[in-house]
Protein chains: 2
Amino acid sequence: MNAPIEAGPDPAVAERRSEVVQALQGILPARCVLYREEETRPYECDGLALYRRLPMVVVLPETEAQVQDVLRLCRRLSVPVVARGAGTGLSGGATPHAEGVLLGMAKFNRVLRVDPQARVAVVQPGVRNLAVSEAAAPHGLYYAPDPSSQIACTIGGNVAENSGGVHCLKYGLTLHNVLRVRVVTIDGEVVELGSEALDAPGLDLLSLFIGSEGMLGVVTEVTVRLIPKPAVARVVMASFGSVEDGGRAVAELIAAGIIPAGLEMMDRRATRMVEPFVQAGYDLEAAAILLCEADGTPEEVEAEIAQVEALFQRCGATRLQVSGSEAERLRFWAGRKNAFPAAGRISPDYYCMDGTIPRRCLGRVLAAIEEMETTYGLRCANVFHAGDGNLHPLILFDANQPDEVDRAERFGAAILELCVEVGGTITGEHGVGLEKINQMCVQFAREELDKFFAIKHAFDPAGLLNPGKAIPTLARCNEYGRSHVHAGAVRFPEIPRF
Amino acid sequence: MNAPIEAGPDPAVAERRSEVVQALQGILPARCVLYREEETRPYECDGLALYRRLPMVVVLPETEAQVQDVLRLCRRLSVPVVARGAGTGLSGGATPHAEGVLLGMAKFNRVLRVDPQARVAVVQPGVRNLAVSEAAAPHGLYYAPDPSSQIACTIGGNVAENSGGVHCLKYGLTLHNVLRVRVVTIDGEVVELGSEALDAPGLDLLSLFIGSEGMLGVVTEVTVRLIPKPAVARVVMASFGSVEDGGRAVAELIAAGIIPAGLEMMDRRATRMVEPFVQAGYDLEAAAILLCEADGTPEEVEAEIAQVEALFQRCGATRLQVSGSEAERLRFWAGRKNAFPAAGRISPDYYCMDGTIPRRCLGRVLAAIEEMETTYGLRCANVFHAGDGNLHPLILFDANQPDEVDRAERFGAAILELCVEVGGTITGEHGVGLEKINQMCVQFAREELDKFFAIKHAFDPAGLLNPGKAIPTLARCNEYGRSHVHAGAVRFPEIPRF
């Protein structure tokens with residue numbers, strides 16, 4: 001556990017800060033440079049509030065040219081740079097560097113162009129995820145990836161973390177919905193990666209960049225794909241007597257070739273946590289419920305819903321309900337989407353994990369997590385993107401009990417390492433950030449980390465962009481003491497057998 | 001034009017060859033090392049037969065361990081390595097290196113596993129594209145990307161070139177259908193990139209690797225996504241009085257939110273070239289025909305076909321025909337799929353180009369190509385993936401007229417540079433290889449080429465993997481004398497406004 005770290009009163013640090021602030025004031029309007037504690041405090045953490053640290057200085061540029069100037073300056077003065085969108089990330093990717101610049105992109109908040117013919121939107125990175133769909137709505141179009149935080153999170157942050165959402169099983173992650181990004185490198189060069197064509201010549205730097213967690217450059221413009229809003233969407237809600245039964249239903253559904261628009265599972269602890277808060281009408285006796293959405297034309301949806309109902313019944317569903325109206329559909333989802341705030345109602349703090357496992361291991365992993373509750377003396381509610389095997393265990397704890405913080409963190413690490421053990425990965429959609437940096441040592445072998453570093457070096461030779469995040473140093477892995485072992489091949493990463 | 005180059009009788013070359021052959025014979029069975037001219041001759045070129053060159057030696061390893069040994073040996077002796085699948089590529093990506101090893105992967109021809117539950121297949125790279133679908137067929141599944149050469153081309157080659165096909169508008173390129181690759185690096189390490197999960201932690205090296213044209217490593221195993229075979233597929237064939245009208249119909253179709261399974265255009269020269277060969281029933285009076293396929297459930301297909309017919313009629317189609325049977329559907333496609341062999345019937349040689357343009361520029365670009373026919377004194381037939389703006393002009397020439405070879409090559413270069421000029425790219429699905437290496441100087445700026453090289457260096461510091469392909473040196477670009485200029489941002493690559 002990183003204890004809260006603050007820039008101390010060390011005179012060398014103060015002198016450095018004053019040098020950097022002065023240099024920044026020379027290239028930016030005064031309103032764009034924040035350095036007093038009361039101004040920098042709001043930036044001390046992102047959505048992973050376990051990690052807090054005051055940045056040396058916050059800059060809020062207003063133009064791409066200013067971003068170029070800031071990065072050139074940081075390069076010249078060897079100042080670390082952490083870019084930040086809305087700060088809703090859950091893995092500490094935007095946790096500030098105590099001796100670095102926190103580069104807030106909040107002022108890049110314009111939708112530049114919506115082209116309904118080409119079905120693309122060009123937006124600045126500080127535009128909120130939901131605002132893109134709102135801008136496209138008059139044309140019957142929307143932007144598919146929908147993280148739970150979509151009201152607040154920004155497209156720039158989505159690019160950094162390759163964010164998903166409940167619909168990514170059918171519509172893909174950020175990677176599958178971004179066509180082009182405009183990026184400023186640490187040398188202050190502006191480059192564009194990707195194209196609006198299906199393929200692009202040369203190496204695929206766009207895919208490399210998406211999900212790179214601020215380590216390769218800073219995004220200043222994003223071109224996203226828009227898709228037609230489906231005419232109809234309906235949800236089947238099914239109850240199961242055991243998590244294993246629910247898991248089997250998920251596996252059979254996928255094997256039957258059905259690709260639902262969303263396929264989510266919640267265990268009893270999660271439904272009971274969320275129901276008093278949202279009154280979604282969840283079956284509180286069921287060991288697990290599944291929410292399965294079909295979208296498309298009315299005929300398609302009707303046919304798919306019938307297939308899903310029959311299959312769930314065959315798999316032993318104890319109760320089935322189909323949303324009869326849009327209001328009811330939204331109510332069914334409301335519980336799932338509000339699971340995190342609901343956790344906040346029944347526990348002073350919660351820690352949301354994010355790992356993926358092969359779908360066939362669902363039952364086994366959930367049983368193991370239940371055992372861990374005893375080991376670590378903490379409760380855990382499970383909500384997850386069942387269709388793609390992406391778990392979000394919510395560990396409930398009280399940060400005022402220092403011991404509980406430590407136990408929550410060890411509990412989380414144990415879950416992630418279990419994911420790797422069964423052939424899964426340590427992140428499904430939240431990124432590695434600071435949070436999972438140790439588990440990267442478990443996930444990857446030395447040769448793989450070497451390749452990551454070599455690519456990082458190609459973009460950022462001095463290591464100034466978001467240092468200490470996403471890729472652990474070998475020294476850190478040695479210190480962590482648990483390393484990746486795999487007979488035969490080194491793997492990038494372990495293979496979940498979905 | 002590279003004239004045919006052969007390993008000369010230079011004694012230093014002969015000595016080097018004998019050293020390398022001997023070393024290879026030390027690590028491989030004799031049947032796996034070919035070095036006599038009659039043995040190496042079949043490998044002198046790939047599908048771009050304009051470029052021919054005898055390799056120093058051909059190796060045909062049978063196991064991954066042998067591939068590791070070969071690459072370690074090449075690294076130790078500083079011998080260039082060119083990997084090759086079936087050699088059907090059209091950009092010279094597998095053209096041998098005169099002082100290098102041609103690493104043929106033909107013996108890696110086993111389908112290792114078809115998992116209908118997880119809907120994946122694990123195959124060796126020498127498995128033919130169509131063989132994957134054949135292996136999956138008993139489960140009602142298939143592998144979506146279908147290059148015209150799918151009977152012969154291999155999955156390994158598809159990965160190297162990020163191959164597409166007529167259905168990639170709806171189902172994506174190789175990139176979108178490969179989940180994981182197992183790769184041997186030039187140091188002989190085995191690594192696995194990607195996972196069967198939707199996202200993977202760390203940098204997206206899988207996407208970086210797909211389409212990297214043999215420059216980063218050698219694939220030894222590929223996990224592909226399988227999808228359910230649609231219940232029904234039908235094709236609308238529409239005639240248009242001008243290429244512009246056809247182009248407008250394509251733009252309106254996409255804008256209407258219809259994503260057909262295939263959307264192809266052929267101009268009159270192409271239909272007249274192909275009709276006597278395949279008797280597809282094409283309208284030879286039409287300036288252009290469109291083939292638009294709908295697939296899915298019978299209800300979906302019926303609805304989409306009705307929409308497409310109405311839209312084509314509104315856009316001025318002069319004749320409409322819908323396939324009434326599977327045999328008729330295949331006949332409609334036969335002409336499109338056989339355009340290349342048909343060109344061989346009416347011209348001693350043909351040169352198939354591959355560039356993409358914004359859909360809205362179709363009319364303008366085709367008019368310019370028609371003018372170029374006069375400039376270069378050669379005929380050109382146009383077939384293309386209209387839905388994604390991917391052109392395949394077929395330049396007809398006679399290689400026995402040395403002047404015509406040169407004119408064909410200049411004609412092709414002019415088409416590619418026109419693609420860049422209108423905001424497109426120099427390759428849609430065939431890769432850069434040797435063929436388009438000069439046009440990479442037009443497509444990309446120096447900063448971009450620098451980044452490509454830095455990544456290449458991270459994987460292959462000695463530059464032994466497929467040297468001279470895909471990424472031009474700055475010296476070459478200076479020599480070529482036409483370079484990328486763009487006001488403001490450097491672009492990777494130019495933005496086609498689809």
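Only the coordinates and a few stated rules stand behind these numbers; no lab work does. All figures in this text were calculated on a predicted structure; none of them were measured in a lab. With ideal geometry, Cβ positions are generated from the backbone for all residues, glycine too; neighbour counts draw on all protein chains shown.
Odds and ends about this structure:
- Annotation: the residues B:Asp354, B:Asp46, sorted from fewest to most other C-beta atoms within 10 Å of their own C-beta, follow the order B:Asp46, B:Asp354.
- Cα gyration tensor shape for the stretch A:317-376, rounded if a/c is under 1.5, else prolate or oblate: oblate
- Helix A:64-77 vs. chain A, principal-axis angle (Cα, 0 to 90°, nearest 10): 60
- Helix axis angle, A:362-376 relative to chain A longest principal axis, alpha carbon, degrees: 60
- Seen against the Cα atoms of chain A and their longest principal axis, helix A:268-278 is set at about 80 degrees.
- Positive contributions from Lys and Arg (+1) and negative ones from Asp and Glu (-1), summed over other residues with Cβ under 15 Å from the Cβ of B:Ala381, come out at 0.
- Global form of the stretch A:278-405, assessed from the alpha-carbon gyration tensor, a/c cut-off 1.5: prolate
- Shielding by partners, peptide B:183-194 (average Cβ within 10 angstrom, other chains): 4
- Alpha-carbon Rg/Rh ratio, for the protein assembly as shown, with Rh computed the Kirkwood way: 0.96
- Out-of-range pairs (alpha-carbon distance over 27 Å; input A:Lys451/B:Lys451; B:Lys436/B:Lys456; A:Lys436/B:Lys469; A:Lys170/B:Lys229): A:Lys436/B:Lys469
- q = 0.11, 0.13, 0.14, 0.16 Å⁻¹, the stretch B:232-341: log10 I(q)/I(0) [Debye, one scatterer per Cα]: -0.30, -0.42, -0.49, -0.65
- Phi angles across the stretch B:462-469 convert, under the Karplus curve 6.51 cos²θ - 1.76 cosθ + 1.60 with θ = phi - 60°, into 3J(HN,Hα) values of 8, x, 8, 8, 6, x, x, 10 Hz, Gly and Pro given as x.
- The helix-based estimate of mean residue ellipticity at 222 nm for the protein assembly as shown, built from -39,500 (n - 2.57) per DSSP H run of four or more residues and divided by its residue count, is -11000 deg cm²/dmol to the nearest 500.
- When A:Thr427, B:Thr375 are arranged by Cβ crowding within 10 Å, least crowded first, meaning fewest neighbours, the order is B:Thr375, A:Thr427.
- For the stretch A:298-339 and the stretch B:256-282, distance of Cα centres in Å: 42
- Take each residue in B:113-119, count the other chain C-beta atoms within 10 Å of its C-beta, and the mean is 4.
- Listing A:Ile305, A:Ile455 from fewest to most neighbouring C-beta atoms within 10 Å gives A:Ile305, A:Ile455.
- Near B:Lys229, once Lys and Arg are set to +1 and Asp and Glu to -1 for all other residues with Cβ below 15 Å from its Cβ, the sum equals -1.
- Counting Cβ atoms of other protein chains within 10 Å of each residue's Cβ and taking the mean over peptide A:452-459 gives 5.
- Cut-off 12 Å between beta-carbons: net charge of the residues surrounding B:Ala399, Lys and Arg +1, Asp and Glu -1: -4
- Considering the rotation that superimposes chain A on chain B, the residue of A whose beta-carbon lies nearest the axis, and that distance in Å, is A:Ser207, 2.
- DSSP finds beta bridges in the stretch A:1-116, and of those with both partners inside it, around 20 percent are antiparallel.
- Long-range HN-HN contacts of A:Arg319 with modeled amide H, under 5 Å: A:Ser239
- Restricting the calculation to Cα atoms, every distinct pair contributes to the Kirkwood radius of chain B, found to be 23.5 Å.
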